[in-house]
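None of the figures in this text is laboratory data; all of them are computed from the coordinates on show. Here the structure is a predicted model, which is why all the values come from computation and not from measurement.
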Amino acid sequence: MLQRSDFRRFLAIPTRWMDNDSYGHVNNVVYYSYFDTVVNEHLISVGGLDIRDAPVIGLVVETCCRFHRPLSFPGVVDAGLRVARLGDTSVRYEIGLFGQGDDAAAATGHFVHVWVERATNRPTRVPTAIRTALADLLVAGS
């Protein structure tokens, strides 16, 4: 199982009361929102992605999440991010969700972006600024 040390970047995400389900832990669908948050925060803050007007955008075409143990409110989730593959038109991100201070992941998963022209939805090269922002997160042999 992936550990905290396997990830290159982290974002602290506070859990919210509404994230919990009737069983007292974060509902499974919320884990995907944490995945989306850590990836897009990096693309916007480091890669300069303009989510409203960029001519090239990333569309999610594949997702996966493996649950290892529950997270719950109140708490802070440390979302770890790394890039497993940086292709010409696609990127595979790997994410680990950790309880604050935990070394073992509560959940691990991935999603894949295919970069497309906004106007046509046709695949295109990953923009240079995005590629540069992701290169530092690339891990070998993942």
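Tell me the angle of helix 28-45 to the major Cα principal axis of the chain, expressed in degrees between 0 and 90 and rounded to the nearest ten.
For 28-45 against the chain, the angle is about 40 degrees.
Got a sec to turn the phi values of the stretch 129-134 into Karplus ³J(HN,Hα) couplings, 6.51 cos²θ - 1.76 cosθ + 1.60 with θ = phi - 60°, whole Hz, x for Gly and Pro?
Working through the residues one at a time gives 5, 5, 4, 5, 5, 8 Hz.
(i) 31; (ii) 46; (iii) 59: which one is percent of Cα pairs over 24 Å apart as calculated from this entry?
Step by step, percent of Cα pairs over 24 Å apart for this structure corresponds to label (i).
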